[in-house]
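Derivation of every value follows stated rules applied to the coordinates shown; laboratory data play no part. Computed from a prediction, not measured in an experiment: that's the story for all the values here. Please note: Cβ atoms are built from the backbone with ideal geometry, for glycine as well, and neighbour counts cover all protein chains shown.
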Ligand code: NZQ
Ligand code: ZN
């Protein structure tokens, strides 16, 4: 279903998938996709407020998405739920986060009470950090008595090719529980392997291409998080890269939420400062993608978001300076989880353009995930300044005690710099012009349209990148 490629406002909260499951023939559309439909439907048989149901005929195009067969489209916004500037109210939402969080020092031991004794466990980890910081021994001890198969070598920005080897190990050993220990990459790999092992199609890459819509089940996954950043420990997302084609794609499925996640701040003491810096920036920008759009009459979500931002501003520099400060690491770790566990995104417009563009930059140039985001976010704000102005002003005042939208952009870049995070392509010797061209072409190929207004397509993405030379 090509329309699901339109990314943005309802991308990550799972509502679409739940509705899709409930009524297979009914395809819910996010508000920005609807905007694209309305913009391109020349006959204007309806106005946004009147739309409850719309039937797309074969060949109908919305944005760059083309329908191949007749489909009913049910917008997630109700008939009175109007867009910005017309007295909008909070959107309908479904919130369900099934992950049990086991937080604090020594909590890895709790795993023994969470994984039934008869499970055959795949213990998944990365390049070996778990062996140097005591996590490996703690996990092995908690798993004592169970059949355990180890699979190591999951790389940062986990590769599809490596995950397929793990899927073979899962099948060969009749694994029925996956325990992933590490950063977001290991957790994402665990989630993908869990879904791919039960996937009925020929090529599991289709899971990524369909953004998870074709996932019908997954082996249960548990997690031990050692790098606060991605929120993967408590969400239904996974991001996987394919070396063969230099692609990096994400998928969502309600089946891949970890059943539990252990968050012991002490496991982060061994992190090199670069990954702490990355984690602070990634979590900060996860909040921004759900917050920095336009006022949507969701005061609690705004305050949640601002509280997470403020916490990261407060403890970020401290936790970099003092890696063994448990309190600071605990605050950072919990903030990063709450930044992307769906809570702050309930019922509000979202703009995942920084991430969507950033994934392409990692795929082409190998920059760390957070490094790409720090370059792109200020560019998105500058290019979409008028439509984001109100929220930028609110953010400037509430988080920085500063006045004006320009100050919001300046303070944010200053904050990133204070963490030693560069914000320009030139800092990495990358040509912004070349990056713009490559990303524009990729967006075109895939029919990507991002932003809370569905107005960041291939050309807009290129413009954003060019502005970050
Ligand atoms: O591989 P090991 O040896 O474990 O080393 C890792 C890796 O080299 C190391 N590390 C992790 N914990 C450590 C440690 N080193 C010392 N002590 C510890 N306690 O850190 C390095 C980077 O790890 P990685 O997992 O790649 O980093 P991160 O957590 O930032 O994950 C990045 C990946 O997550 C995706 C990104 O695109 C990227 O692929 N994302 C996933 C999301 C999600 N699932 O919701 C959302 C994010 O926006 C993001 O896209
Ligand atoms: Zn991220």
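The residue 131 and residue 403 beta-carbon pair, evaluated with R₀ = 51 Å, returns a calculated FRET efficiency of approximately 0.50.
Peptides 227-235, 435-443 ordered by packing proxy, namely the average of other Cβ atoms within 10 Å per residue, highest first: 227-235, 435-443. Spin-label pair residue 441-residue 242: with each label point 7 Å from Cα along the Cα-Cβ axis, the two points sit 1.7 nm from one another.
For the stretch 291-425, the relative contact order works out to 29 percent when only alpha carbon pairs closer than 8 Å and six or more residues apart are counted. The residues 163, 346, when put in order of fewest to most other Cβ atoms within 10 Å, stand as 346, 163. A quarter of the convex hull surface defined by the alpha-carbon atoms of the stretch 100-267 gives 8.5 nm² as the mean projection.
Relative protection proxy for 329-335, 139-145, from highest mean packing down: 329-335, 139-145 (other beta-carbon atoms within 10 angstrom). If the segment from residue 94 to residue 469 were pulled out straight at 0.36 nm per residue, it would be longer than the present Cα-Cα gap by 131.0 nm. How far is it, in nm, from the label point at residue 385 to the one at residue 120 when both lie 7 Å from their Cα along the line to the Cβ? My value for the distance between the label points is 6.1 nm. On full extension, the segment bounded by residue 273 and residue 424 gains 52.4 nm, given 0.36 nm per residue less the C-alpha separation.
Among DSSP beta bridges lying fully in the stretch 100-267, give the percent that are antiparallel, nearest 5.
If we restrict to bridges inside the stretch 100-267, about 20 percent are antiparallel.
With a Förster radius of 56 Å applied to the beta-carbon distance between residue 144 and residue 310, the computed FRET efficiency rounds to 0.85. Only Cα pairs under 8 Å and 6+ residues apart enter the sum, and on that basis the relative contact order of the stretch 351-469 stands at 29 percent. Relative contact order of the stretch 109-162: 50 percent, from C-alpha pairs under 8 Å at least 6 residues apart in sequence.
Here the spin labels are modelled as points 7 Å beyond Cα on the Cα-Cβ line, and at residue 300 and residue 459 they lie 4.2 nm apart. Of the peptides 213-225, 373-385, 184-196, the ranking by mean beta-carbon count within 10 Å, highest at the top, reads 184-196, 373-385, 213-225. Each of 150, 371 was scored by other Cβ atoms within 10 Å of its Cβ. Listed from fewest to most, they are 150, 371. Compute the FRET efficiency between residue 200 and residue 410 as 1/(1 + (r/R0)^6), taking r as their Cβ-Cβ distance and R0 = 60 Å, and round to the nearest 0.05. My answer for the efficiency is 0.70.
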